[in-house]
Amino acid sequence: MTIETDEQAIARLTIEPPVVHPESFTDFAAAKDVLHIAFFYMRINTNGAFVAERFFHRGTAGQPISPETNPDIPGSLGWYARDMAGYGRIDEPDRDGRYEHLGYGLSGFQFPRRYSYIVFYMDDVHWPYLEDPSGMPIVPFHAEKNGKQYAKHDFAFTKPSKFKIAMTSGGRVTEREALVMINCMRKANGDPFGQDDREEYCFDLVMRVRYAGSTDGLTVIIDPTGENLGPPIP
């Protein structure tokens with residue numbers, strides 16, 4: 001964790017621009033009729049432990065999920081994201097199973113083999129994502145980390161975007177941030193995944209925890225690793 005201003009954090013983390021798909025997630029969603037959502041629920045427990053759980057909404061053919069992030073629009077990305085955020089808060093024995101549980105943690109998971117919204121949600125009002133001057137959240141992808149090689153190209157995921165989710169805690173309504181991309185299910189040359197294709201990714205989610213009354217804060221980097229397997233399932 002590094003104490004710095006937003007400007008210092010941006011300068012340190014964007015020496016090389018992040019490599020991402022040229023399309024926005026809204027353009028891609030409209031073209032592909034995206035049906036599914038992989039939701040990564042994160043929080044810090046009162047004992048300081050970091051918690052991460054993965055959930056999946058399996059959509060229905062012929063009913064694409066609108067990329068609209070307004071949670072008051074039924075069936076939209078925003079509507080499902082708010083519902084999935086609340087679902088992540090429920091103790092596991094009390095869940096009703098409306099979303100599939102894909103496991104715990106942010107290391108070595110497999111992305112669903114479908115065109116899917118990928119949402120990373122931090123259930124804490126004090127943990128916003130760092131964004132560049134254009135308002136785009138900074139999500140650096142790595143070609144290598146700790147001696148291991150990873151895929152890094154501009155076809156794997158759409159440009160990231162972020163939106164706010166209003167949640168109730170302690171009787172008060174406050175907003176938390178969610179970051180979203182779409183898994184484009186394409187390999188490094190831009191072609192769709194083939195039967196035996198697989199690629200592993202390592203990327204950073206850059207959070208900024210602000211000091212009270214200051215523009216300085218802690219830069220906290222969460223570094224998920226995940227794997228795509230082909231081909232996409234209809």
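The values are calculated or read from the model by the stated rules, or taken from the named source; none is laboratory data. None of these values were measured; they are calculated from a predicted model. Every residue, glycine among them, receives a Cβ derived from its backbone with ideal geometry; neighbour counts consider all protein chains shown. When the accessible area is computed, the model is the full protein with side chains, heavy atoms only, and any ligands, DNA or RNA have been set aside. Shrake-Rupley method; radii C 1.70, N 1.55, O 1.52, S 1.80 Å.
A few notes on this one:
- Being more than 21 Å from the chain's Cα centre (by Cα) and at positive phi is a condition met by no residue of the range 219-233.
- Looking only at the range 201-224, and only at residues there that are out of contact with any helix residue (DSSP H, G or I) (no Cβ under 9 Å at 6 or more places or on another chain) and open to solvent by 70 Å² or more (accessible area, probe 1.4 Å), the one that is nearest to MET136 (Cα to Cα): ARG210
- Contact map, the range 164-177: residues that are of a type in the set (Val, Ile, Thr) paired with residues that are open to solvent by 40 Å² or more (accessible area, probe 1.4 Å), Cβ distance under 6 Å, separation 6+ or inter-chain. Pairs shown: ILE165/ARG82; VAL173/ALA166; THR174/VAL125.
- Of the strands (runs of 3 or more DSSP E) contained entirely in the range 96-209, those carrying at least 1 residues that are over 22 Å from LEU35 (Cβ atoms) and not aromatic (Phe, Trp, Tyr) fall at 116-122, 161-169, 172-183, 198-202.
Residue by residue, here is whether (1) within 16 Å of PRO224 (Cα to Cα); (2) of a type in the set (A, V, I, L, M, F, W, C); (3) over 16 Å from the mean Cα position of the chain (by Cα) holds:
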residue	(1), (2), (3)
GLU92	no, no, yes
GLY97	no, no, yes
PRO112	yes, no, no
GLU131	no, no, no
MET136	no, yes, no
GLU144	yes, no, yes
LYS152	yes, no, yes
LYS162	no, no, no
LYS187	no, no, yes
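- Residue in the range 2-23 that is surrounded by 12 or more Cβ atoms within 10 Å (Cβ to Cβ), modelled with pLDDT of 90 or more, under 24 Å from ALA156 (Cα atoms) and more than 16 Å from the chain's Cα centre (by Cα) present: no
- Of all residues making up the range 104-142, the number that are modelled with pLDDT of 90 or more and on the phi > 0 side of the Ramachandran plot: 2
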